[in-house]
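Right, one structure below, let's go through it.
The values are calculated or read from the model by the stated rules, or taken from the named source; none is laboratory data. What you are looking at is a predicted structure, and each value in this text was computed from that prediction instead of being measured. Note: ideal-geometry Cβ built from the backbone for every residue, glycine included; neighbour counts use all protein chains shown. In case anyone asks, the SASA skips ligands and DNA or RNA and just uses the protein heavy atoms, side chains included. Shrake-Rupley method; radii C 1.70, N 1.55, O 1.52, S 1.80 Å.
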Amino acid sequence: MIPLRSPKNDDELIALIKSELFTAVIGDIMDKLGFLNQFLPPQVQPLRKDMTVVGRAMPVLEADVFESADRGNNPVLQKPFGLMLEALDDLKKDEVYICSGASPSYALWGELMSMRALTLGAAGAVVNGYSRDTKGILELNFPTFSYGSYAQDQAPRGKVIDFRTSIEMNGVVIRNGDYVIGDRDGVCIVPHDASEEIFRLAFEKARGEKIVFQKIKEGMSAKAAFETYGIM
């Protein structure tokens, strides 16, 4: 097998991930390294099955609010969307807007947000809740992962209270700069501090799986393939 050349930069790494890796193989490697809780809940799915996302996490913390209630002493709650617009405008190239913290009862992402993210070169959006404006997002072909389509707006129900801060999604911790990998099989989070080893081993496994696939196609038994290559 040809050894993997180390990517020169993040752009090259992301391109290699897009061309060779997928969530299942990355998840297998993280399991072997002891990272056993890195997949977001299975309800988080791409709006269209062929959508994929690869990029760095820009975590966004959302909270439920009650528009008719006393807003208290936090000036953020007096803004229409809290810090959502500031978070959206702070997206960088190849970053993923990834949002959690509120009850999944309203849309956390939409078409206009997608348009702004596209102009900034963002990689996609992953939300622990719903998205809306589905037709527009699909026409933009902007990678969006959510619980599905639901038009109820966040404006009177939730506000962004912080961003580029660590968030949690059903037990998975997401930190600023972690890698977000998503496809039709789910979304996984690769911790930045361990990413070099995880991706190196994932590339090796993905390439090995192609060899095993060919051997099984040629008639090798599953048992023999696993004993020979350690992959199944």
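Along the chain, counting only trypsin sites (Lys or Arg not before Pro) with a DSSP assignment other than H, G, I, E or B and at most 11 other Cβ atoms inside a 10 Å radius, the longest segment between sites is 50-232. By the rule of a C-alpha distance below 15 Å, with chain neighbours fewer than 8 residues away ignored, the aspartates and glutamates paired with LYS92 are ASP10, ASP11, ASP178. Around the Cα centre of segment 86-162, unit charges on the Cβ atoms of Lys, Arg, Asp and Glu (plus for the first two, minus for the last two) sum to a dipole of about 180 debye. By definition, a body whose alpha carbon gyration tensor gives a ≥ b ≥ c is prolate when a/c is 1.5 or more and a/b is larger than b/c, and segment 1-125 fits this prolate description.
Rounded to the nearest 10 degrees, the inclination of helix 195-217 to the longest alpha-carbon principal axis of the chain is 50 degrees. Using a Cα-Cα cut-off of under 13 Å, which aspartates and glutamates could be cross-linked to LYS49, ignoring same-chain neighbours fewer than 8 residues away? Straight-line reach from LYS49, under 13 Å: ASP183, ASP185.
Ignoring lysines fewer than eight residues from LYS93 along the same chain, the ones with Cα atoms less than 16 angstrom from its Cα are LYS18.
When LEU201, LEU36 are compared by accessible area of protein heavy atoms, the largest-first order is LEU36, LEU201, using a 1.4 Å probe.
At q = 0.10, 0.13, 0.16, 0.25 Å⁻¹, what is the log10 ratio I(q)/I(0) for segment 77-177, with the Debye formula run over Cα points and no solvent? Debye curve over Cα of segment 77-177, log10 I(q)/I(0) at q = 0.10, 0.13, 0.16, 0.25 Å⁻¹: -0.23, -0.41, -0.63, -1.62. Rounded to whole Å, the principal axis extents of the Cα atoms in the chain read 68, 32, 31, largest first. Taking segment 123-232, which GluC sites (Glu not before Pro) meet the DSSP loop condition and have no more than 16 other C-beta atoms within 10 Å? Here the GluC sites (Glu not before Pro) that fit, given the DSSP loop and packing criteria, are GLU218.
Taking segment 108-232 as the region of interest, the number of lysine pairs whose Cα atoms are within less than 19 Å, with members eight or more places apart or on different chains, is 5.
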